[in-house]
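Chemist: Take this structure, written in structure tokens, and hold onto it; I'll ask about it next.
Where a number appears in this text, it was derived from the coordinates with a stated rule and is not lab data. The structure displayed is predicted, hence computed values, not measured ones. Note: ideal-geometry Cβ built from the backbone for every residue, glycine included; neighbour counts use all protein chains shown.
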Amino acid sequence: MSVLRLIVSVVAALFVPPPAPASGPCPPEAAALGHAPPDGKGWACVLTGEGGQRLRHGWSVDYWPNGARRRACEYRRDVLDGRCSEWDDAGELLARGSFAEGARVGYWWFWGLERAFAHPDGAAARGSTQAVLVELGASEADAPALAQHVLEHVFEARDDIRAAPQLCSLSACVSAATVDERAVLAVQLQPPPDKAEANEAALASAAQLAAAAQKTIARARRKRDEAQAKAEARYESRVRSWENTRLQCADGTRSPSCTCGYDQRGCCSHHGGVAGCPRAYPDAPELDDSPLVTNEFVDDAAAPGP
């Protein structure tokens, strides 16, 4: 095989989706079951297990209700093992990578995470980015520094994600950029130790920036919590004052014994009945849902809508 044909075959294996019909390629011990739209909702290579149960073994492809491909992944005896891709219902790629015995391995690429990265609240953007990285396999200890790197670079426009700067820890390498107006996150899981060693200084610097940002967020959260507690205390005081306000009787007098906050049966019986409470019930304080801190990595024009 020529070098060119070898390159083409490798690229095809990585990026060309599996065939849609139920007669698609399956391992010799498995058979295709199901159909692609419009004849079905999906198909899979299936074999029969020892207990008679059907196990996915090879490609499994399912589709959105509109007929667009939703997920195409390889299995080994019903466990994710091999290549896997996911799309949204408009056909836009969301994720691509590989599994080994049910766990993500090697390189993974993700699209469609703009709302997490561009959240107007910087605390939410950091928190969601860290959560994504931990879910993908980064360690809890590494996540703040790796998220710092992702947020610093994800809004930089590039022609290719491979041109984006990479930051590595022992658990994962990450890079991010905006390619063709879509945010792309690239993750290498369990990279070679020498990559982490080469990134020790950069990782430490990112960790320091992340720690400083978390301190700012913590101060903002304490300040908001204190303000909310004061507002709640004022509200409770106003409610007690309202409850103890004497009822207004129909003849304009105040009830000598009945108040707004308690049972009004029999009140103002000698004064034409109850006219009502002379004071409006106090309004509860509104929760402050404004950003704790601004998202320093994105401007308002770039932020996605609600």
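Chemist: What percentages make up the Cα-Cα pair-distance distribution of the range 142-192 when the bins are 10 Å wide from 0?
Modeler: Whole-percent P(r) values from 0 Å outward: 30, 53, 16, 0.
Chemist: Could I ask something else about it? Just the number: Rg to Rh for the range 14-98, Cα atoms, Kirkwood Rh, two decimals.
Modeler: Result: Rg/Rh = 0.97.
Chemist: How long are the three semi-axes of the equivalent ellipsoid of the range 195-249, in whole Å, if each is the root of 5 times an eigenvalue of the C-alpha gyration tensor, listed from largest down?
Modeler: Equivalent ellipsoid of the range 195-249: 53, 7, 5 Å, largest first.
Chemist: Please state the relative contact order of the range 14-98 as a whole percent: Cα pairs under 8 Å, 6+ residues apart?
Modeler: 18
Chemist: What angle, in degrees between 0 and 90 and rounded to the nearest 10, separates the Cα long axis of helix 200-243 from the longest principal axis of the Cα atoms of the chain?
Modeler: With rounding to tens, the tilt is 30 degrees.
Chemist: Could I ask something else about it? What number do you get for the range 68-141 when its Cα radius of gyration is normalised by 2.2 N^0.38 Å, N = residues?
Modeler: 1.26
Chemist: Right, next: For the chain, take every pair of Cα atoms, bin their distances at 10 Å starting from 0, and report each bin as a whole percent.
Modeler: Pairs per bin, as whole percents: 6, 18, 21, 17, 12, 9, 8, 6, 2, 0, 0.
Chemist: Still on this structure: Can you give me the relative contact order of the chain as a percent, contacts being Cα pairs under 8 Å and 6 or more apart?
Modeler: 11
Chemist: Would you calculate, for the chain, the mean residue ellipticity at 222 nm contributed by helices, counting each DSSP H stretch of 4 or more residues as -39,500 (n - 2.57) and dividing by all residues, to the nearest 500?
Modeler: That comes out to -10000 deg cm²/dmol.
Chemist: Okay, next question. Could you tell me the calculated FRET efficiency between GLN214 and THR253, based on Cβ-Cβ distance and R0 = 51 angstrom, to the nearest 0.05?
Modeler: Rounded to the nearest 0.05, the efficiency is 0.25.
Chemist: For the peptides 248-260, 124-136, what is the packing order when you average, over each peptide's residues, the other Cβ atoms within 10 Å and list the highest mean first?
Modeler: Packing order, densest peptide first, comes out as 124-136, 248-260.
Chemist: If packing is taken as the mean number of other Cβ atoms within 10 Å per residue, what is the order of 185-193, 271-279, highest first?
Modeler: Ranked by mean Cβ neighbours within 10 Å, highest first: 185-193, 271-279.
Chemist: Going by alpha carbons, how many degrees (0 to 90, nearest 10) lie between the helix axis of 3-15 and the longest principal axis of the chain?
Modeler: 30
Chemist: Same structure, new question: Taking Cα atoms, how many degrees apart are the long axis of helix 122-136 and the longest axis of the chain, rounded to 10 and kept between 0 and 90?
Modeler: For 122-136 against the chain, the angle is about 40 degrees.
Chemist: In terms of the ratio Rg/(2.2 N^0.38 Å) built on C-alpha atoms, what value belongs to the range 94-178?
Modeler: Normalised by 2.2 N^0.38 Å, the Cα Rg of the range 94-178 equals 1.04.
Chemist: Note down the nm distance, to one decimal, between modelled labels 7 Å out along Cα→Cβ at LYS223 and at GLN264.
Modeler: The modelled label-to-label distance comes out at 4.3 nm.
Chemist: Give me the net charge of GLY127's neighbourhood, meaning all other residues with Cβ under 14 Å from the Cβ of GLY127; Lys, Arg count +1, Asp, Glu -1.
Modeler: 0
Chemist: Same structure again: In a GNM of the chain with a 10 Å cut-off on Cα contacts, which of VAL61, VAL105, VAL239 has the highest mean-square fluctuation?
Modeler: Most flexible of the set in this elastic network: VAL239.
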